[in-house]
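Only one structure is covered here, and it is reproduced in the block below.
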Amino acid sequence: MTLDQYRSHVNVYFDPLVSIAIRCRLTPNFFTIAALLASAAAGVLFFFRMEFFAIVAVALNAFCDAMDGAVARATNAQSKRGDFLDHAVDRYADIFIITGIFAGGMVPWQIGVFALTGVLMSSYLGTQAQAVGVGRYYGGLLGRADRLVMILVVGIIDLLVPLSFYSLSLFGWMLLLFGIFGHITALQRFAYVWAKVE
């Protein structure tokens with residue numbers, strides 16, 4: 001079960017910020033684009049091994065990613081175009097952040113590519129469920145919210161106490177888990193959708 005399923009329970013904590021955003025006339029698309037820029041910045045910062053600022057950028061990406069949907073719901077501005085933009089930006093965000101981590105040499109590129117394929121396939125099958133009429137499905141072991149939380153936690157630990165096990169850093173083990181759990185999640189989602197469609 002992934003943290004994505006609990007988004008509605010977290011929304012209440014964003015209500016004061018959503019009200020401020022609405023008063024400032026900030027649109028859902030503003031936060032979606034801000035999330036994209038934050039993820040791109042995170043990728044570049046990870047590439048140059050500026051971990052502290054990269055973690056701050058990931059936190060900003062997570063915040064903006066939560067705010068775009070919250071503002072859309074509060075202003076009744078939900079649309080297919082906005083949903084499409086949000087999902088496209090989320091996939092680019094995954095690519096920017098994960099690629100930045102392994103392209104900068106923090107993790108062997110083989111593990112980075114394995115993580116990236118797992119992340120993209122699990123995300124793809126989650127939204128493909130909607131495309132075939134089953135409805136969006138967030139089930140499985142690892143969702144986007146889980147990954148963002150793991151990046152933040154691992155990043156903070158790595159800044160405070162850099163550790164490695166069997167010649168692999170915490171980021172390396174994290175991306176390895178992204179790959180393993182990502183592909184397991186993809187299989188779980190595939191099985192769920194397959195059982196629902198004729």
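The values are calculated or read from the model by the stated rules, or taken from the named source; none is laboratory data. On a predicted model such as this, the values are computed, not experimentally measured, just so you know. Here the Cβ positions follow ideal geometry from the backbone for every residue, glycine too, while neighbour counts run over all protein chains shown.
Can you spot a residue in segment 11-21 that is under 19 Å from TYR138 (Cα atoms) and at pLDDT below 90? Among the residues of segment 11-21, at least one is under 19 Å from TYR138 (Cα atoms) and at pLDDT below 90, which makes the answer yes.
Of PHE102, PHE96, PHE46, PHE63, which residue is surrounded by fewer than 20 Cβ atoms within 10 Å (Cβ to Cβ) and modelled with pLDDT of 90 or more? Criteria check complete, one pass: PHE63. Within segment 80-93, at least one residue is at pLDDT 90 or above, assigned to a helix (DSSP H, G or I) and either within 13 Å of MET174 (Cα to Cα) or acidic (Asp, Glu) (or both). Taking (1) within 18 Å of MET50 (Cα to Cα); (2) part of a helix (DSSP H, G or I) in turn, PRO162 satisfies each apart from (2). Within segment 66-78, being in a loop (DSSP other than H, G, I, E, B) and either modelled with pLDDT of 95 or more or in contact with a Pro (Cβ under 9 Å, 6 or more places away or on another chain) (or both) holds for THR75, ALA77, GLN78. Among the residues here, ALA191 qualifies as out of contact with any helix residue (DSSP H, G or I) (no Cβ under 9 Å at 6 or more places or on another chain) and modelled with pLDDT under 95.
Is it the case, given these coordinates, that ALA191 is within 25 Å of ILE33 (Cα to Cα) and part of a helix (DSSP H, G or I)? For ALA191, the condition - within 25 Å of ILE33 (Cα to Cα) and part of a helix (DSSP H, G or I) - is not met.
Search segment 112-149 for residues being assigned to a loop (DSSP other than H, G, I, E, B) and free of Cβ contacts under 8 Å to residues at least 12 places away in the same chain, and hand back the single one that is nearest to the chain's Cα centre (by Cα). Filtering segment 112-149 for residues that are assigned to a loop (DSSP other than H, G, I, E, B) and free of Cβ contacts under 8 Å to residues at least 12 places away in the same chain, the one nearest to the chain's Cα centre (by Cα) comes out as ARG136.
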